[in-house]
């Protein structure tokens with residue numbers, strides 16, 4: 001008995017060691033799991049991806065060209081109107097832009113730059129109200145909303161900071177250099193129409209600024225954020241800084257784009273994505289010096305500093321029309337939801353810059369969340385996520401598979417299929433929906449798995465997967 005007890009003790013010790021190692025592995029997976037709760041996650045990067053077959057790619061999508069939204073045909077506007085900002089303010093859409101005209105024969109500006117204002121009820125049909133604020137050729141019957149410092153690139157926004165005072169509900173940032181004080185100045189307004197400087201000197205002085213510099217309140221980090229243009233070793237680049245009060249700003253830092261080529265970037269059109277505020281998306285304008293033309297790209301970030309920048313233009317120069325001329329294809333600073341249209345978002349692109357006698361702003365339409373997708377063609381492809389922790393009992397997908405199929409599997413922390421949630425248990429998804437509820441045999445609830453680390457396996461064929469959310 002004493003002889004046989006030795007191997008028994010070794011066997012027991014081995015079992016205890018195995019159990020301990022298993023516990024450590026499970027604990028490590030739980031610690032490393034990404035807690036997404038019930039927030040929406042877009043597939044604009046590889047943040048959630050652990051494995052992906054060659055048949056699946058991250059595909060950049062282009063918005064669909066729509067109608068011309070605005071023609072700059074007033075005497076104080078012209079063929080070099082630019083740096084449009086568009087945002088939705090309740091049931092009203094507001095637009096701000098530079099009024100400017102270039103005399104192509106005399107090679108000089110035909111009149112001083114002004115900031116113009118337009119508004120809309122649907123984001124497509126715009127009116128230019130007679131504001132009565134500033135005189136132009138003896139009359140105040142015009143839509144000029146600002147003529148002071150910063151008319152070259154005056155960029156307003158509605159301040160979503162809950163602590164914002166009523167007289168500063170709208171804010172703006174703009175470049176100026178009065179008396180040699182070069183930099184970005186900050187402004188406030190109670191109504192988006194009547195503007196005043198918040199201080200008489202620039203608050204940000206490191207940068208180049210001759211572009212559409214912008215700022216916003218970030219509800220995720222609870223601070224004001226600026227993005228503005230600069231030069232980095234002779235290349236046009238983008239910097240960012242933050243502020244608790246919109247007046248005092250941190251030292252700017254250059255954005256980073258791992259694995260992306262070094263290219264000239266003018267405007268940036270960066271913002272928190274309102275359906276997933278922890279993500280920032282942007283439409284930087286790539287400048288091509290040899291051709292003297294521009295094209296907007298798409299990029300995204302999870303920290304506001306490091307961006308995944310895609311190389312394919314989202315509005316190509318071939319899009320209708322007059323976009324291949326000198327600086328004739330800028331993306332406006334604006335991404336807006338549309339009334340009675342929950343499946344689409346509007347963006348805007350300029351055209352016919354310099355060509356005149358006017359310039360135009362055209363509306364383009366994106367699918368909601370539709371900037372980048374996990375895409376598979378005819379060949380079936382698969383991907384598996386990193387371990388995640390979620391809250392809720394249902395999985396919702398933004399997916400297009402009406403010509404193909406998607407199936408979903410849930411795996412546990414050890415990468416084993418959870419009983420009842422295998423691919424063969426999933427009801428095949430063959431729909432076009434921005435909020436499709438994934439179902440497994442017997443309408444099983446995911447509630448028992450909430451708060452535990454799991455992996456999601458997707459099988460795609462002729463499909464695009466844009467986002468997911470547990471709820």
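Observations
- Extreme residue, nearest to residue 348 (Cα to Cα), among residues of the stretch 78-103 that are in contact (Cβ under 8 Å) with a residue 24 or more places away in the chain and exposed (fewer than 14 other Cβ atoms within 10 Å of the Cβ): 92
- Some residue of the stretch 435-442 being on the phi > 0 side of the Ramachandran plot, surrounded by 15 or more Cβ atoms within 10 Å (Cβ to Cβ) and either in contact with a strand residue (DSSP E or B) (Cβ under 9 Å, 6 or more places away or on another chain) or free of Cβ contacts under 8 Å to residues at least 60 places away in the same chain (or both): no
- Residues that are in contact with a strand residue (DSSP E or B) (Cβ under 7 Å, 6 or more places away or on another chain) and within 30 Å of residue 440 (Cβ to Cβ) occur at least once in the stretch 343-365.
- Breaking point among (1) buried (at least 18 other Cβ atoms within 10 Å of the Cβ); (2) modelled with pLDDT of 95 or more; (3) over 16 Å from the mean Cα position of the chain (by Cα); (4) within 26 Å of residue 187 (Cβ to Cβ), for residue 226: (3)
- Filter result for residue 140 (over 29 Å from residue 232 (Cβ atoms), surrounded by fewer than 16 Cβ atoms within 10 Å (Cβ to Cβ) and under 24 Å from the mean Cα position of the chain (by Cα)): no
- Residue in the stretch 365-372 that is more than 23 Å from residue 345 (Cβ to Cβ) and crowded, with 19+ Cβ neighbours inside 10 Å present: no
- The stretch 26-117 holds strands (runs of 3 or more DSSP E) entirely within its bounds, and those carrying 3 or more residues that are farther than 24 Å from residue 228 by Cα and either in contact with a strand residue (DSSP E or B) (Cβ under 7 Å, 6 or more places away or on another chain) or modelled with pLDDT of 95 or more (or both) map to 34-37, 49-52, 56-60, 64-71.
- Test: residue in the stretch 182-191 that is closer than 25 Å to residue 263 by Cβ, at pLDDT 95 or above, in the same structural domain as residue 134 (by TED's automatic domain parsing) and within 17 Å of the chain's Cα centre (by Cα): no
- Restricting attention to the stretch 328-351, the residues that are touching a residue at least 60 places away in the same chain (Cβ under 8 Å), assigned to a loop (DSSP other than H, G, I, E, B) and surrounded by fewer than 21 Cβ atoms within 10 Å (Cβ to Cβ) total 1.
- Flag if residue 133 is at pLDDT 95 or above, in a loop (DSSP other than H, G, I, E, B) and over 25 Å from residue 270 (Cα atoms): yes
- Single residue of 111, 125 found to be surrounded by fewer than 19 Cβ atoms within 10 Å (Cβ to Cβ), assigned by TED's automatic domain parsing to the domain that holds residue 363, closer than 21 Å to residue 331 by Cβ and without any contact (Cβ under 8 Å) to a residue 60 or more places away in the chain: 125
- Condition check for residue 447: assigned by TED's automatic domain parsing to the domain that holds residue 45 and crowded, with 18+ Cβ neighbours inside 10 Å: no
The values are calculated or read from the model by the stated rules, or taken from the named source; none is laboratory data. Values in this document were obtained by computation on a predicted structure and should not be read as measured data. So basically every Cβ, Gly included, is an ideal-geometry build from the backbone, and we count neighbours across all protein chains shown.
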